[in-house]
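For reference, the structure is listed below as structure tokens.
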Amino acid sequence: MRVLCYSSFTFSYLNRARVLFQSVRRHHPEWELAALITDTPPAGFAFDPAREPFDRLVYAEDLGIPDFRAWLFGHDVVEACTAVKGPFIHQACTEDYDAVVYLDPDTALFARLDPLVEHLRTHDILLTPHLVDPNVDDAAIRDNDMSASRTGIFNLGFVAIRTSGEGARFARWWNDRLLAYCYDDIPNGIFVDQRWCDHVPALFDKVKVVRDPGYNVASWNLSTRFLEIDKAGAITVNGSPLRFWHFTKLGPTGDTMTKRYAGDNYPVYEIWNWYKRQIEAATDPTIPERWWAYGAYEDGAPIDKAHRRLYREREDLRAAFPDPFAVGDHSFVAWLAAQGAGA
């Protein structure tokens, strides 16, 4: 089975993507690896894709999204990097691959994913839930169960499909939904791509919900997953091999949630410390922290999220200002200033 594995990120997450792709290359040298980047390199950073641990580089602007800059302006960084996952996987279904696997840049493999490939021989869509065992502690229910109810039953840091049949039909549907409705808008029932995928088991056949606890281990499910490392270095989760870990929210927030639910399960901290060392080694100091080329107007002023929302909701503004990043007379930002809502 010919597999394409891709991840979507900006240059500020290049260090995480490097760790991910290095881990995938280690365990699956036969897979083709693609980096989907919604960004442009910062000044002073010498980016040489040939030296990176992936095979293909695709810039989001080359996906053929109509009126790309205007469309992109309507999204913040998380929304944008999530939305482009849809057109990429849809287009990959027209290429010479049997399966496509998506992994978030802040994940890392610890073993081969052969069981997933085997699932794809009989199923067309694979998803992993945030939770595969019920919580019984009230704090864990509030933190994890209720969070999943708000943000989506399935964690879309991973999805895998066959490029034919229901997998291709899903990819087309996901493409359409993410191009039009990939927003962080929980009050209106949307959380980027995840809430949409709550519908998948109802809308599509040949869907496999992967409940093995060795997949997509993260802070939100540590309350029900116990890790062990044997003398040979083999890592298990509730007795199953650890396949991949989702190192979400690297920093104080991730540390707090990990400590809250890992408790004295010390292998968890060993894995996190390993990851932090890998990230440090993969970090290029010439990339500014939180860099995103599309996070500011052309004069460098940051774009307020309210301005993005206003622009995407007003067809008249999109028609009047086809390049909303521009500055100067007759620009969107000048119009905002005239309304008393400038940058």
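Every number here is computed from the coordinates shown, using simple stated rules; none is lab data. No experiment lies behind these values; they were computed from the predicted model shown. Please note: Cβ atoms are built from the backbone with ideal geometry, for glycine as well, and neighbour counts cover all protein chains shown.
Figures for the structure shown
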{"quantity": "Helix 165-181 axis, angle to the chain major axis (alpha carbon atoms, nearest 10°)", "calculated": "40 degrees"}
{"quantity": "Percent RCO, i.e. relative contact order, over region 3-282, from Cα pairs under 8 Å lying at least 6 residues apart", "calculated": "21 percent"}
{"quantity": "Shape of region 60-153, Cα gyration tensor, a/c cut at 1.5", "calculated": "oblate"}
{"quantity": "Span from the region 197-259 Cα centroid across to the region 66-94 one, whole angstrom", "calculated": "27 Å"}
{"quantity": "Residue-by-residue Karplus 3J(HN,Hα) for region 205-215, coefficients 6.51, -1.76, 1.60, Hz, glycine and proline x", "calculated": "8, 6, 9, 10, 8, 7, 9, 4, x, x, 9"}
{"quantity": "³J(HN,Hα) computed for each position of region 30-38 - Karplus, 6.51 cos²θ - 1.76 cosθ + 1.60, integer Hz, glycine/proline x", "calculated": "7, 7, 8, 10, 10, 9, 9, 10, 9"}
{"quantity": "Helix 266-282 vs. the chain, principal-axis angle (Cα, 0 to 90°, nearest 10)", "calculated": "40 degrees"}
{"quantity": "Gyration tensor verdict on region 3-282 (Cα atoms; rounded if a/c is under 1.5, prolate if a/b is larger than b/c, oblate otherwise)", "calculated": "rounded"}
{"quantity": "Against the rule of thumb 2.2 N^0.38 Å, how large the Cα Rg of region 296-338 comes out", "calculated": "1.03"}
{"quantity": "Difference of contour (0.36 nm per residue) and Cα-Cα distance, His199 to Ser147", "calculated": "17.0 nm"}
{"quantity": "Angle in degrees between helix 14-27 and the longest Cα principal axis of the chain, rounded to the nearest 10", "calculated": "40 degrees"}
{"quantity": "Charge dipole (region 3-282, unit charges on Cβ, about Cα centre) - positive-most of Ile190, Val24, Ile161", "calculated": "Val24"}
{"quantity": "Amide H within-cut-off set for Thr107, under 5 Å, with H built and near neighbours excluded", "calculated": "Phe247"}
{"quantity": "J(HN,Hα) series, region 310-324, from Karplus relation 6.51 cos²θ - 1.76 cosθ + 1.60, nearest Hz, glycine and proline x", "calculated": "4, 5, 6, 8, 10, 4, 5, 6, 5, 6, 6, 10, x, 10, x"}
{"quantity": "Beta bridges by DSSP in the chain, antiparallel share as percent, to the nearest 5", "calculated": "50 percent"}
